Amino acid sequence: MSSKAPESTCPESRGPSILGLTSEAFVNHSTDLGIPTIDSLAAYRAFYREGRREGGWFALEDMPMGTREVEGETIKFTLRLGAGREVPHETESVMIPMQGRGGRRTRTLCVSSQIGCAMGCDFCETAQMGLIRNLSAAQIVAQWFAARHVVGEEINNIVFMGMGEPMDNIEEVIAAIRVLTDHNGPSIPSSKITISTVGRIDGIRRLSELVAEDGFHRLNLAVSVNAPDDEVRNELMPINRAMNLEALQDALLEFPLRGGSALLIEYVLIPGVNDSLDQCDRLCRWLEPLRCSLNVIPYNPRRESPWSAPTETSVDAFVGRATANGQFTKRRGTKGRDVMAACGQLGNPEIRRQRRPGRKTAS
Ligand code: SF4
């Protein structure tokens with residue numbers, strides 16, 4: 001089932017947007033304009049907690065909601081940036097229902113950090129677009145605002161697993177995280193936020209600095225590994241030619257993990273490419289020094305994909321073997337496959353069709 005909702009809007013600012021500001025920065029800026037702290041703080045809380053946009057202290061420009069598609073309880077929506085372009089630039093976000101602790105129903109919001117992506121992973125729909133643009137912190141936070149106050153759902157977790165490589169736009173991603181965790185704003189605990197990367201080592205080190213700060217110790221890091229050796233990984237993920245598995249392992253060993261937290265290692269299982277039991281054994285040996293949880297993701301064929309989805313038998317065999325090897329392993333479901341919202345499948349086909357030759361597509 002699919003429905004359009006063009007009437008809904010989400011604000012984006014021309015000047016310093018409230019969407020990109022922590023409450024402290026917002027209050028400071030308001031003070032410069034002569035607005036008392038008590039009023040600006042109340043406005044900030046009302047904006048984030050109740051979705052109230054009156055006040056007019058900051059010019060707001062509409063980021064209209066483009067499309068909204070629903071498959072079961074999974075909702076995918078887009079926000080349009082810069083109206084008037086022949087092909088609009090659109091963020092893409094997915095709201096995914098999850099089962100929380102004690103069977104509680106929770107909702108995870110998957111946000112984009114870029115439009116398109118430069119990383120060129122072979123299995124990924126978004127890679128077909130190339131990189132169109134980075135999103136600002138405000139445009140990232142706007143996706144949460146739209147989910148919470150336009151679609152109107154409580155959001156429990158946020159994962160940076162939509163379009164884009166977060167480490168390619170790390171400063172805006174960090175600025176967005178500061179807003180999302182703000183106690184006067186969305187107030188999402190840092191333990192409920194996950195940043196997923198293909199393994200950009202400089203970005204992992206930059207994130208380590210943030211995790212060392214008070215209030216961010218429990219931020220989660222997910223890494224797409226997808227191969228047991230450099231040979232296979234070089235083919236699937238161009239990043240590996242610059243930052244190979246050995247260098248990645250070193251960076252992950254240095255990543256500060258507090259308490260019982262663990263790295264999340266993602267492994268997209270592709271038939272005939274990386275799904276043999278021997279490859280599983282070699283992957284587990286590479287993972288051995290890391291405190292991590294392995295997340296096996298059955299490949300979702302992208303449009304015009306050379307590969308099919310793996311069989312249930314092969315997924316079970318791979319997960320079983322990793323578990324037998326002593327590696328804590330989970331299997332991720334494929335919610336959202338039919339709306340092309342599952343892992344590595346975000347990306348506007350209209351934009352891909354119109355992509356100019358020569359655009360940067362891989363690092
Ligand atoms: S998997 Fe992630 S990093 Fe790789 S091309 Fe797709 S969006 Fe970019």
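The values are calculated or read from the model by the stated rules, or taken from the named source; none is laboratory data. Just so it is clear, the structure is predicted and the values come from calculations on it, not from any experiment. Backbone-built Cβ (ideal geometry, glycine too); neighbour counts: all protein chains shown.
The figures follow:
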item	result
Condition broken by Glu172, with the remaining ones in (1) assigned to a helix (DSSP H, G or I); (2) acidic (Asp, Glu); (3) surrounded by fewer than 19 Cβ atoms within 10 Å (Cβ to Cβ) satisfied	(3)
Test: residue in region 108-122 that is within 16 Å of the ligand (Cβ to nearest atom), outside any strand (DSSP E or B), in contact with a Lys or Arg (Cβ under 7 Å, 6 or more places away or on another chain) and not basic (Lys, Arg)	yes
Residue in region 139-157 that is of a type in the set (Gly, Ala, Ser), touching a Cys at 6+ places or on another chain (Cβ under 9 Å), more than 19 Å from Met95 (Cα to Cα) and modelled with pLDDT under 95 present	no
Helices (runs of 4 or more DSSP H) completely within region 191-270 that count 3 or more residues being closer than 24 Å to Pro310 by Cα and within 16 Å of the ligand (Cβ to nearest atom)	230-236
Residues within region 234-261 that are within 21 Å of the chain's Cα centre (by Cα) and free of Cβ contacts under 8 Å to residues at least 40 places away in the same chain, tallied	1
Test: residue in region 294-315 that is exposed (fewer than 15 other Cβ atoms within 10 Å of the Cβ) and part of a helix (DSSP H, G or I)	yes
Qualifying residue in region 87-95 (condition: hydrophobic (A, V, I, L, M, F, W, C) and either in a strand (DSSP E or B) or within 17 Å of Val173 (Cβ to Cβ) (or both))	yes
Which numbered condition Pro228 fails, given (1) surrounded by 18 or more Cβ atoms within 10 Å (Cβ to Cβ); (2) modelled with pLDDT of 95 or more; (3) within 16 Å of the chain's Cα centre (by Cα)	(3)
Unique match (being assigned to a strand (DSSP E or B), modelled with pLDDT under 90 and either at positive phi or away from the ligand (no atom under 16 Å from the Cβ) (or both)) among Gly84, Gly66, Gly102	Gly66
